[in-house]
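Report on one structure; see the data block that follows.
The values are calculated or read from the model by the stated rules, or taken from the named source; none is laboratory data. These numbers were taken from a predicted model, which means no experiment stands behind them. Note that we place each Cβ from the backbone using ideal geometry, even for glycine, and neighbour counts take in every protein chain shown.
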Ligand SMILES: Cc1cc2nc3c(=O)[nH]c(=O)nc-3n(C[C@H](O)[C@H](O)[C@H](O)COP(=O)(O)OP(=O)(O)OC[C@H]3O[C@@H](n4cnc5c(N)ncnc54)[C@H](O)[C@@H]3O)c2cc1C
């Protein structure tokens, strides 16, 4: 059996900070019969998730909702909020450089990025992703790029088109004759084969085929031989 300590026999627990974590800790301690002192350095409580009144209007800082995976946390919130809880589907966007991006990010969002940033992001993705392969070879790089295209794009035509377009951005900034052009060309071939295998609608596959063919033509021109793209 759990015994509830008497208020007189227990020294108060000092909780530093009245953000969500501090307030919930204090609440649970109080429920268990432990006296609590919460210390907060700001004039308002709530921490990153606080609200304040200015000129008669309430302004919310940070989040004012919970997306909860942990069943214990969910049970706690439902108990505390009771009939004041409101449920709605999560749809978050982040505003950056003039565009709204899904949150969590979706591969499609790469297309919205300014071109130089998109290319650098793909580079980061490539170098981060390469770490899981055993050696840093041309073959690994192709496998990685095809993996990304396959994992995110093979069954979704719009994602596949977005990724093809992203690769085109890379092609445009690589110097003519760069050996990386051949790598991207190889990845485009693998991506098309993946799309042909995984995308069910013939018309969608055709859209990917047109995009990949056009991309390979651009790569061919950049490599200094427009004939190359049509050779395979
Ligand atoms: C824009 C934004 C959007 C977010 N969206 C979400 C979301 O949708 N869902 C979600 O779950 N999370 C979201 N988060 C994260 C969430 O806000 C934080 O994880 C959460 O508020 C952190 O709570 P906390 O109590 O740990 O810390 P904090 O909120 O940082 O609270 C710490 C408190 O301690 C006080 N403090 C610090 N040092 C001292 C001291 N020495 N003495 C006295 N007081 C002190 C501070 O003033 C503050 O009030 C978001 C955050 C931001 C900024």
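Here are the numbers for this structure:
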{"quantity": "Given (1) modelled with pLDDT under 75; (2) closer than 21 Å to residue 223 by Cα, number of the condition residue 189 does not satisfy", "calculated": "(1)"}
{"quantity": "Selection count, segment 174-209, where residues are touching a helix residue (DSSP H, G or I) at 6+ places or on another chain (Cβ under 7 Å) and in a helix (DSSP H, G or I)", "calculated": "18"}
{"quantity": "First in segment 34-45 and under 10 Å from residue 14 (Cβ atoms), second anywhere and assigned to a loop (DSSP other than H, G, I, E, B) and within 11 Å of the ligand (Cβ to nearest atom), Cβ under 7 Å, 6 or more apart", "calculated": "38/18"}
{"quantity": "Residue 26 being within 7 Å of the ligand (Cβ to nearest atom), at pLDDT 90 or above and assigned to a helix (DSSP H, G or I)", "calculated": "no"}
{"quantity": "In segment 33-64, the residues that are surrounded by 13 or more Cβ atoms within 10 Å (Cβ to Cβ) and either part of a loop (DSSP other than H, G, I, E, B) or within 10 Å of the ligand (Cβ to nearest atom) (or both)", "calculated": "33, 34, 35, 38, 40, 45, 46, 47, 49, 50, 61"}
{"quantity": "Residue in segment 5-20 that is at pLDDT below 95, surrounded by 10 or more Cβ atoms within 10 Å (Cβ to Cβ), closer than 23 Å to residue 72 by Cβ and more than 15 Å from the ligand (Cβ to nearest atom) present", "calculated": "yes"}
{"quantity": "Matching residues, segment 67-84, being outside any helix (DSSP H, G or I) and surrounded by 11 or more Cβ atoms within 10 Å (Cβ to Cβ)", "calculated": "68"}
